[in-house]
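The values are calculated or read from the model by the stated rules, or taken from the named source; none is laboratory data. Remember, predicted model here, so these are calculated numbers, not experimental data. Positions of Cβ are generated from backbone atoms using ideal geometry, with glycine treated the same way; all protein chains shown enter the neighbour counts.
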Amino acid sequence: MKAVLLLLLLAGAGLRAEPCKLIVETLTGEGKNAGTDAGVYLRINDIGTKYPLDVPKRNDRQPGAIDSYPGILLELAPASIETITVEMGGEDAWLLKVISVRVICGDRSSEQLVFRKNDWMSTAKETVYARDSIKLQINGKLALD
C-alpha cells in the first residue's frame, strides 16, 4: 500500500519511479546428476511469496551452466532485504555451486553479493548431505548507493 501511495505521489509530481528488480545468477556444479529440471524458488525475508527461478523455453540448471534469471520485481525496499532463501521443489537433486544477487532500480544498482555454496539440494533427502533450502544472509547489503 505504501509503495502504491509513493508511486501516486511521484506521478503527481511529474516524476517516474523505476521498479526495483532482484537479479539472480547461479552456477550449477559439474558431475553426475548435478543439474536439475525440478523447480527452484526464492523467498525474500521468509515472507510467503515464492518466486520461481526459471528461464522459459530454456533448459537451465544443467551441469556446469551459469544461468541468469529475469529480474524479480521487488515489493519492498532493497535495504530491507535481510535474507533470501533458495528452495527446491520436486523430487530431483541439484548441486548449487555459486549464487549471486543484486538489485537494479532504474539506472542505480546495488553491489553484487556472491555466495559460494557447493551444496546439494533435494526435497527427496536422497543423501544426508542434501538440504531442501539454503538461506543467504543479506542483512541490508543490497541497499542502493
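The condition of being surrounded by fewer than 18 Cβ atoms within 10 Å (Cβ to Cβ), out of contact with any helix residue (DSSP H, G or I) (no Cβ under 7 Å at 6 or more places or on another chain) and either of a type in the set (D, E, K, R) or at pLDDT below 95 (or both) holds for only one of ALA65, ALA124, ALA93, that being ALA124.
How many of the residues making up region 16-62 are charged (D, E, K, R), surrounded by fewer than 19 Cβ atoms within 10 Å (Cβ to Cβ) and in a loop (DSSP other than H, G, I, E, B)? It would help to see each step written out before you state the result.
Taking region 16-62 and keeping what is charged (D, E, K, R), we get 16, 18, 21, 25, 30, 32, 37, 43, 46, 50, 54, 57-58, 60-61.
Right, trim to surrounded by fewer than 19 Cβ atoms within 10 Å (Cβ to Cβ) and you get 16, 18, 21, 25, 30, 32, 37, 43, 46, 50, 54, 57-58.
Then keep just the ones that are in a loop (DSSP other than H, G, I, E, B); that gives 16, 18, 30, 32, 37, 46, 50, 54, 57-58.
So the count comes out to 10.
Evaluate the following for LEU142: is it part of a strand (DSSP E or B), under 15 Å from the mean Cα position of the chain (by Cα) and surrounded by 14 or more Cβ atoms within 10 Å (Cβ to Cβ)? Against the criterion (part of a strand (DSSP E or B), under 15 Å from the mean Cα position of the chain (by Cα) and surrounded by 14 or more Cβ atoms within 10 Å (Cβ to Cβ)), LEU142 does not qualify.
The residue of region 103-121 that is surrounded by the most Cβ atoms within 10 Å (Cβ to Cβ), among those that are in contact (Cβ under 8 Å) with a residue 40 or more places away in the chain and in contact with a Pro (Cβ under 9 Å, 6 or more places away or on another chain), is VAL103.
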